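S.K.: Would you mind keeping the following structure in view while I ask a few things?
The values are calculated or read from the model by the stated rules, or taken from the named source; none is laboratory data. All figures in this text were calculated on a predicted structure; none of them were measured in a lab. So basically every Cβ, Gly included, is an ideal-geometry build from the backbone, and we count neighbours across all protein chains shown. Heavy atoms of the whole protein, side chains included, go into the accessibility calculation; ligands, DNA and RNA do not. Shrake-Rupley method; radii C 1.70, N 1.55, O 1.52, S 1.80 Å.
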Amino acid sequence: MKELSVKEKMIFGNLKDDSVKALLSLNDNLKIESVLMVYRDWITACVSVMVGCPLGCKFCATGKMGFKRNLEALEIVEQVLFFARYLKKLREKVTNVVFMGMGEPFLNYDNVLEAIRILNEKDSFCLGARHFSISTVGIIEGIKKLAKEKLQVNLAISLHAPDNDLRSKIMPINKKYSIEKILTAVDEYIKITRRKVMFEYIMIDNLNDSPSEAKELAKLMKKPLYFVNLISYNPTGIFHASSGDKIKKFKEVLEKAGIPVTQRYRFGKDIKAACGQLATKSGKQS
Ligand code: SF4
């Protein structure tokens, strides 16, 4: 195997505080971030797939960096191995890997899939396919391609708004891949794979968190094998996080409409766990 191409590692935070973040320096001096999130029964490595990102979502620190380059498969694998070594000293293990760090996984499809295959191999890291989740803004071509892979990985869609006007304002890629186009691709994916699909919805104060937006979202989500994950926003400067009360009311509207809904709390506020916050703070990417 080729020598791994991460040359310098810094770790922020403490596992006891629910998350730690690593700032990794690549051989060409570019920096990426990976986060380890601790839940009650599992420990999830959230990995990056790009240095920066070309998609420029307005609520995202990585989006502000612009795009530098795609990561190679081994650079993705190394992020997981780094946390595995870190956890070994604490007698813990990485139980899940999510592609929700810097970058859009389906714009680096081949390297992401190769990384999953390497980590999935019996004589390598041996992590079951069901323990991987790919989160996409809704790149249709990637959703269609993943549906045909013989891999039982999980798919998540970063939705974040219930209508195209609002979604296009905060996620410019929506002009190319509208909500309707994404949902058609997801329906096709479900037909082929019979797997659940998670729709992620970041709760941003006074932007997408009203009860009427919850009702609109509920209408879109009323389909078998769809479920919603509400995520507390990790502020990056422009927007603010919704209050706990607003999230509770939003969730109640969805539940009343019969939509399966989970809630992910904000991780690592103190370590700037939103993707791109450390890499941008650490100075100019060379
Ligand atoms: S949210 Fe994801 S896709 Fe959007 S700019 Fe950030 S890293 Fe890129």
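S.K.: Which of the residue pairs LYS169/LYS251; LYS169/LYS248; LYS196/LYS222; LYS145/LYS219; LYS181/LYS223 have a Cα-Cα distance greater than 18 Å in the structure shown?
M.R.: Numbers: LYS169/LYS251 23 Å; LYS169/LYS248 25 Å; LYS196/LYS222 13 Å; LYS145/LYS219 27 Å; LYS181/LYS223 15 Å.
The answer is LYS169/LYS251; LYS169/LYS248; LYS145/LYS219.
S.K.: Per residue, what accessible area does the chain have, given a 1.4 Å probe and all protein chains present, in Å²? Each step should come with its number before you reach the end.
M.R.: On the way: 13560 Å² over 286 residues.
Value for the chain: 47 Å² per residue.
S.K.: What's the long-distance tail for the chain, i.e. % of Cα pairs beyond 24 Å?
M.R.: Working: 19823 of 40755 pairs.
Value for the chain (Cα pairs over 24 Å): 49 percent.
S.K.: Let me ask another. How many Å³ per residue does the convex hull of the Cα positions in segment 162-257 occupy? It would help to have the intermediate numbers written out before the result.
M.R.: Details: hull volume 9.6 nm³, N = 96.
So the per-residue hull volume is 100 Å³.
S.K.: Label segment 84-219 by shape, choosing from rounded, prolate and oblate, from the square roots a ≥ b ≥ c of the eigenvalues of the Cα gyration tensor; if a/c is under 1.5 it is rounded, and otherwise prolate applies when a/b is larger than b/c, oblate when it is not. Let's see the in-between values first.
M.R.: Values: a/c = 2.27, a/b = 1.61, b/c = 1.41.
Judged from the Cα gyration tensor, segment 84-219 comes out prolate (a/c at least 1.5, a/b above b/c).
S.K.: Check SER135: other-chain or 5+ apart residues with amide H under 5 Å from its amide H, H built from backbone geometry?
M.R.: For SER135, the qualifying residues are PHE99, ALA156.
S.K.: Now a separate question. Would you mind checking the radius of gyration and Dmax of segment 204-248 based on alpha-carbon positions, in Å?
M.R.: 11.8, 37
S.K.: What ranking of MET198, MET10, MET221 comes out by heavy-atom accessible area, probe 1.4 Å, highest first?
M.R.: MET10, MET198, MET221
S.K.: Tally up the carbon and sulfur contribution to the accessible surface of segment 183-224 as a whole percent, 1.4 Å probe, everything protein left in place.
M.R.: Details: 1180 of 2110 Å².
C and S atoms contribute 56 percent here.
S.K.: Within straight cross-link reach of LYS68, meaning Cα distance under 12 Å, which aspartates and glutamates are found once same-chain residues fewer than 8 apart are removed?
M.R.: Excluding near neighbours in sequence, the set is ASP28.
S.K.: Could you list the residues of segment 192-207 with an amide nitrogen less than 17 Å from a label point located 7 Å from the Cα of SER243 in the Cα-to-C-beta direction?
M.R.: Under 17 Å, as judged by backbone N against the label point of SER243, lie 203-207 of segment 192-207.
S.K.: Just check segment 29-90 against the gyration tensor rule for me: Cα atoms, a ≥ b ≥ c as the square roots of the eigenvalues, rounded for a/c under 1.5, and otherwise prolate or oblate depending on whether a/b exceeds b/c. Each step should come with its number before you reach the end.
M.R.: Details: a/c = 3.02, a/b = 1.64, b/c = 1.84.
The shape class here is oblate.
S.K.: Obtain the nm distance between the two label points defined at PHE227 and LEU166 by a simple spin-label model: each point lies 7 Å from its Cα along the Cα-to-C-beta direction.
M.R.: If labels sit at PHE227 and LEU166, their model points lie 2.3 nm apart.
S.K.: Arrange the residues THR62, THR236, THR184 by how much accessible surface each exposes, largest first, with a 1.4 angstrom probe.
M.R.: Details: THR62 0, THR236 25, THR184 90 Å².
Ranking THR62, THR236, THR184 by accessible area, largest first, yields THR184, THR236, THR62.
S.K.: LYS169: accessible area at probe 1.4 Å, nearest 10 Å²?
M.R.: Roughly 140 Å² of LYS169 is accessible to a 1.4 Å probe.
S.K.: Now for a separate question. Just from its helices, what would the mean residue ellipticity at 222 nm be for the chain, if runs of 4 or more DSSP H residues each count -39500 (n - 2.57) and the sum is divided by every residue, rounded to the nearest 500 deg cm²/dmol? Walk me through the numbers before you get to the answer.
M.R.: On the way: 9 runs with 93 residues, N = 286.
That calculation yields -9500 deg cm²/dmol at 222 nm.
S.K.: Continuing with the same structure: Under a GNM of the chain (C-alpha, springs under 10 Å), which listed residue has the highest mean-square fluctuation: ARG167, ARG117, ARG40?
M.R.: Answer for the Gaussian network model of the chain: ARG40.
S.K.: Right, here's the next one. Contour minus end-to-end for GLU92 and LYS122, with contour as 0.36 nm per residue of separation and end-to-end as the Cα-Cα distance?
M.R.: 8.9 nm
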